[in-house]
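Remarks on the structure that follows.
A short reminder: the numbers here are calculations on the coordinates, not readings from a lab. In this text the structure is predicted, and so the values were computed from the model without any measurement. Note: ideal-geometry Cβ built from the backbone for every residue, glycine included; neighbour counts use all protein chains shown.
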Amino acid sequence: RMNMGETWFEDSGRGWRRLVPSPQPKYILEIETIKAALKSCGVVIAAGGGGIPVIEENNRVMGVDAVIDKDLASAVMGIGLGLDTLVLLTSIDKVKLNFNKTNEVSISHMNSTEAESYLKEKQFGIGSMAPKIQAAIDFVRGGGKEAIITSFDQLNLAVEGQAGTIITR
């Protein structure tokens, strides 16, 4: 059922989805709680699905109709936690230019300026790789040392610098 004032779109043969804003996350409201949990137990699951979008208005926190990208939220969280490395998992082993074309090229390393240039060229899918690339750029420019984009299968090798795509400042 579609309500007045809402925008819907057909999602690649998978049905209809409501279109809502997807703002850039600014900060993680509970970052200090996450830091404390990390110190006490070492493993924390946070920002699932990008987290819950809220705004502060009149000294109150209120939920809003929006969706926060999980990769962008992870970059903001990594910066807030002072991490050196951000790992973004995907279904492919490395970032690719000209994806699924005859001249496809895998990238092992790029800096944030190169990554930004590829974004402007629209080398990456809007709902898939582009947010990961933007998150990597944000993370390394926000103080992180490196961001790694790879598949789960290549994770161990990637954190050793032997697989995946590494993005640095």
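Of note:
- When only alpha carbons are used to place a centre, region 67-125 and region 135-169 end up 8 Å from one another.
- A simple charge model with +1 on the Cβ of Lys and Arg, -1 on the Cβ of Asp and Glu and nothing else charged puts the dipole of the chain at about 100 debye relative to its Cα centre.
- Averaged over residues, the count of other Cβ atoms within 10 Å places the peptides 136-146, 104-114 in the sequence 136-146, 104-114, highest first.
- Whether region 7-168 is rounded, prolate or oblate, judged on the alpha carbon gyration tensor where a/c under 1.5 counts as rounded: oblate
- Over the chain: helical MRE at 222 nm, DSSP H runs n ≥ 4 each giving -39500 (n - 2.57), nearest 500: -8500 deg cm²/dmol
- Extension gain, Thr168 back to Ser151 (0.36 nm per residue minus Cα-Cα distance, nm): 4.3 nm
- Here the calculated FRET efficiency for Ser106 and Ile45, from their Cβ-Cβ distance with R0 = 41 Å, stands at 0.85, rounded to the nearest 0.05.
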